[in-house]
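The values are calculated or read from the model by the stated rules, or taken from the named source; none is laboratory data. Everything numeric here is computed off the predicted structure, so don't read it as measured data. Neighbour counts run over all protein chains shown; Cβ positions are idealised from the backbone, glycine included. All accessible areas refer to the heavy atoms of the entire protein, side chains included, with ligands and DNA or RNA removed. Shrake-Rupley method; radii C 1.70, N 1.55, O 1.52, S 1.80 Å.
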Amino acid sequence: MIIVKQLFANLAILVALLFLYTQIKKDPPLRMNSTIKKKITTGVAGGLFSNILMQYSIPIGTTLIDLRHIPVILLAYFGGAVPAFIGMFLVIAGRFLIGINISSYTSSLLMLTVTLFAIGISRTNLSQQTKKWSMLTFANLLTTLLFFYLIEDQQLLLYLIPGYWFVSFLSGYVAFQVLHILFKSQMMFDKYKAESTIDPLTGLNNVRKFDEVFNSCMADLEKKKKLSLLYIDIDFFKKINDTYGHSEGDVVLKDLGLILRSCARPTDIVSRNGGEEFTVLLVDCSLDQAKKIAERIRSTVEEHAFLLNSGTEVNITVSIGLSNFPETTPNGNLMIKDADKALYEAKRTGRNKVCTANQ
């Protein structure tokens, strides 16, 4: 009974380690298609977890009973051969550091066999549940054979083996469930985090993301040297909504978002800052280059026929205000204000034009 209690303690330690690791490592979960760097770091972590479990082993003579195989099985299931082999080698090395004897040799052979089997099963087309239970069952069968070989006390084996099977299966099940829940929670968090910075209508960055990127550029302005900002507003957009309805106005906004992306460079930050107002943040872009991009946007919009859901084609124009650090705005923190002023000037002097700040 004491042995079973100690195995449950091993399980508690394993769950705690898995939880802490997923909280510390905020990057995506381990997958078969993860990068080599990800597989190596996760394999090392799994190997260290197994070594920690060995520090809380149940010693019976020279035999150490614990759940060190569970992290390696998890590595094989989620990441395949690379992380599983790394974890396995660390487990074997850790076992020999504890002591070199017949038990360490046989347990190392067991880890190698279990790892190879788990890797092989992970590559099959079996269902997820079948893979999990096959790995755990195979590990338990080999461990049972090892018990019979190393432990001479038959009376002890009568309750050790059933207890070990029960806790081992339970530990494997709990470990898989914990990781699935934690991975799912992390993916949902990442999804909501991404959505919090994306405008749901156009798929562009929203004003929150724009502010984040702009503030980052301000903090790094001396390295970037040149920074340009376009403030873009649709001329008389209210007429589109009043004439055709807001749903048709949304079609125009979506199409305009596509035009802005196609006219901007891949490195530019295109955002919808609210309503019919858009921005394009051009990193490492001179004033002359920014003027060309702004004019390209203006002319493309003017020449584009926006097809509404009703089948009606409408034409719109945009007014654009441009500021640049350091050519128009020596103080980078005033770029937004200057671009907004330039936009107002474009609308005041006839619309459908590009106006540059302070010129």
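Considering the Cα positions of the chain, please state its Rg to one decimal place and its Dmax as a whole number of Å.
31.2, 97
GLN154 versus ASP288, label points 7 Å from Cα toward the beta carbon: distance in nm?
9.6 nm
Could you work out what % of the accessible surface of the chain is carbon and sulfur, using a 1.4 angstrom probe and leaving DNA, RNA and ligands out of the count? Walk me through the intermediate numbers first.
Numbers: 10810 of 17680 Å².
That share works out to 61 percent.
Quick one: putting +1 on the C-beta of Lys and Arg, -1 on the C-beta of Asp and Glu, what dipole do you get for the chain around its Cα centre, in Debye to the nearest 20?
Numbers: 37 positive and 30 negative charges, 141 e Å.
Dipole magnitude for the chain comes out near 680 debye.
Which listed residue (LEU90, GLY80, THR62) has the Cα farthest towards the positive end of the charge dipole for the chain, taking +1 on Lys and Arg C-beta and -1 on Asp and Glu C-beta about the Cα centre?
THR62
Taking the simple approach of a point 7 Å from Cα along Cα-to-Cβ for both GLU345 and TYR192, what is their distance in nm?
Inter-label distance under the simple model: 4.5 nm.
Over the range 29-107, what is the relative contact order in percent, taking alpha-carbon pairs closer than 8 angstrom and at least six residues apart? Intermediate results must be reported in sequence, preceding the final value.
Numbers: 99 pairs, mean separation 29.2, N = 79.
Averaging sequence separation for qualifying contacts and normalising by length gives 37 percent for the range 29-107.
Measure nothing fancy, just the Cα-based angle from helix 2-24's long axis to the longest principal axis of the chain, in degrees from 0 to 90, nearest 10.
Between the helix axis and the principal axis of the chain, the angle is about 20 degrees.
Run the numbers for THR317 and GLN128: contour at 0.36 nm per residue of separation, minus the present Cα-Cα distance, in nm. Present the calculation step by step, with values, prior to reporting the outcome.
Values: separation 189, 0.36 × 189 = 68.04 nm, distance 5.51 nm.
This chain segment gains 62.5 nm when fully extended.
If contacts are Cα pairs under 8 angstrom and at least 6 residues apart, what is the relative contact order of the range 76-140 in percent?
Numbers: 36 pairs, mean separation 27.5, N = 65.
Relative contact order of the range 76-140: 42 percent.
Cβ neighbours within 10 Å, averaged per peptide: list 103-109, 56-62, 268-274 in order, most packed at the top.
On the way: 103-109: 18.1, 56-62: 15.4, 268-274: 21.3.
Output ranking for 103-109, 56-62, 268-274: 268-274, 103-109, 56-62.
Set Lys and Arg Cβ to +1 and Asp and Glu Cβ to -1, take the dipole of the chain about its Cα centre, and tell me which of PHE8, LEU150, LEU136 lies farthest positive.
The residue sitting farthest along the positive end of the dipole is LEU150.
What's the extension gain from THR144 to ALA305 if we count 0.36 nm per residue and subtract their Cα-Cα distance? Before the final figure, lay out each step's value.
On the way: separation 161, 0.36 × 161 = 57.96 nm, distance 7.45 nm.
Gain on stretching THR144 to ALA305: 50.5 nm.
Which order do the peptides 329-339, 209-219 come out in when sorted by mean C-beta neighbours inside 10 angstrom, highest first? All intermediate terms of the calculation are to be shown ahead of the outcome.
Numbers: 329-339: 17.7, 209-219: 16.1.
Listed from highest to lowest mean packing, they are 329-339, 209-219.
Roughly what would the spin-label model give for PHE183 and ALA219, points 7 Å off Cα along C-beta, in nm?
For PHE183 paired with ALA219, the spin-label model returns 3.2 nm.
Can you tell me the orientation of helix 207-219 relative to the chain, as the angle in degrees between its alpha-carbon axis and the longest Cα principal axis, to the nearest 10?
90 degrees
Reachable aspartates and glutamates from LYS341, Cα under 15 Å, same-chain residues fewer than 8 places away excluded?
ASP233, GLU277
R0 = 41 Å: FRET efficiency of LYS337 with LEU20, Cβ-based, nearest 0.05?
Details: r = 46 Å, r/R0 = 1.13.
With a Förster radius of 41 Å, E is 0.30.
Net charge around ILE336, counting only other residues with Cβ within less than 13 Å of its Cβ (Lys, Arg = +1; Asp, Glu = -1)? Can you show the working numbers first?
Numbers: positive: LYS337, LYS341; negative: ASP211, GLU277, ASP338, ASP340.
With Lys, Arg at +1 and Asp, Glu at -1, the net is -2.
Given a 1.4 Å probe, how much area per residue of the chain is accessible, in Å²? Provide the component values of the computation, followed by the final result.
Values: 17680 Å² over 359 residues.
So the chain comes to 49 Å² accessible per residue, rounded to a whole number.
Kirkwood Rh over alpha-carbon pairs of the range 226-295, then Stokes-Einstein at 20 °C and 1.002 mPa s: what D in µm² s⁻¹, rounded to an integer?
On the way: Rh = 12.9 Å.
Result for D is 167 µm²/s.
Determine, from the Cβ-Cβ distance of ASN101 and ASN33 and an R0 of 30 Å, the FRET efficiency 1/(1 + (r/R0)^6), rounded to the nearest 0.05.
Numbers: r = 41 Å, r/R0 = 1.35.
FRET efficiency, ASN101 to ASN33: 0.15.
Under 29 Å Cα-Cα from LYS184, which lysines qualify once same-chain neighbours fewer than 8 residues away are excluded?
Partners found: LYS25, LYS26, LYS37, LYS38, LYS39, LYS131, LYS132, LYS193, LYS209.
Please give the helix 335-348 orientation as an angle from the longest Cα principal axis of the chain, in degrees from 0 to 90, rounded to the nearest 10.
40 degrees
Normalised by the residues of the chain, what does the relative contact order come to in percent, with Cα pairs under 8 Å and at least six apart? Before the final figure, lay out each step's value.
Values: 515 pairs, mean separation 46.3, N = 359.
In percent, rounded to a whole number, it is 13.
Using the Kirkwood radius over Cα pairs, work out the Stokes-Einstein diffusion coefficient for the range 117-179 at 10 °C and 1.306 mPa s, in µm²/s as a whole number.
On the way: Rh = 12.8 Å.
Approximately 124 µm²/s, per Stokes-Einstein.
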